[in-house]
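Reviewing the structure listed below.
The values are calculated or read from the model by the stated rules, or taken from the named source; none is laboratory data. Fair warning: this is a prediction, and the values are worked out from it, not measured in the lab. Positions of Cβ are generated from backbone atoms using ideal geometry, with glycine treated the same way; all protein chains shown enter the neighbour counts.
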């Protein structure tokens, strides 16, 4: 991980951690290896590989002064703000609405595969690996 990005995340983590839930630095490692310029195969952008759909959803939930454009997702602060909001605020709202337990694994499942796969109880192989990698990295830190 780029040392500047790691320092940035370390210094701003108390501000970014709205809830003590999914560990954002671990998601960043899995998603982009800490590369703020990362672009995924399906249009995902930045550190947390935010999709255009998630950006639209973020903008729909925030007033005009907090809205972002897609190019802004390469800014680490904006990217982690949107990503943290989605995984630690919006996804729990959706899980609650659908009466699905709000667990770390369910949040990651939803983040990686989408709420539709969670509702249909489809756990893609790549998402299973993603969850295992997340849990392995978290356990290594303990």
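Restricting 72, 67 to those that are at pLDDT below 95, surrounded by 13 or more Cβ atoms within 10 Å (Cβ to Cβ) and out of contact with any strand residue (DSSP E or B) (no Cβ under 6 Å at 6 or more places or on another chain) reduces the list to 67. Taking (1) farther than 23 Å from residue 33 by Cα; (2) touching a residue at least 24 places away in the same chain (Cβ under 8 Å) in turn, residue 118 satisfies each apart from (2). Every listed requirement among (1) over 12 Å from the mean Cα position of the chain (by Cα); (2) more than 23 Å from residue 33 (Cα to Cα); (3) surrounded by 15 or more Cβ atoms within 10 Å (Cβ to Cβ) is met by residue 131 save one, (2).
Applying a threshold of 6 Å to beta carbon distances and a minimum spacing of six or more residues, or different chains, the list of pairs starting in the stretch 37-65 at a residue that is in contact (Cβ under 8 Å) with a residue 40 or more places away in the chain and at positive phi and ending at one that is outside any loop (DSSP other than H, G, I, E, B) and exposed (fewer than 15 other Cβ atoms within 10 Å of the Cβ) is empty. The set of residues in the stretch 47-64 that are more than 16 Å from residue 112 (Cβ to Cβ) and either in contact with a strand residue (DSSP E or B) (Cβ under 6 Å, 6 or more places away or on another chain) or in a loop (DSSP other than H, G, I, E, B) (or both) comprises 62, 63. In summary, residue 111 fulfils each of the numbered conditions (1) in contact (Cβ under 8 Å) with a residue 40 or more places away in the chain; (2) surrounded by fewer than 17 Cβ atoms within 10 Å (Cβ to Cβ) with the single exception of condition (2).
If you go through the stretch 114-124 and keep only what is in contact with a helix residue (DSSP H, G or I) (Cβ under 6 Å, 6 or more places away or on another chain) and surrounded by 15 or more Cβ atoms within 10 Å (Cβ to Cβ), you end up with 115, 118.
Among the residues making up the stretch 99-137, those that are assigned to a loop (DSSP other than H, G, I, E, B) and farther than 23 Å from residue 59 by Cβ are 99, 100, 101, 102, 103, 120, 121, 122, 123, 124.
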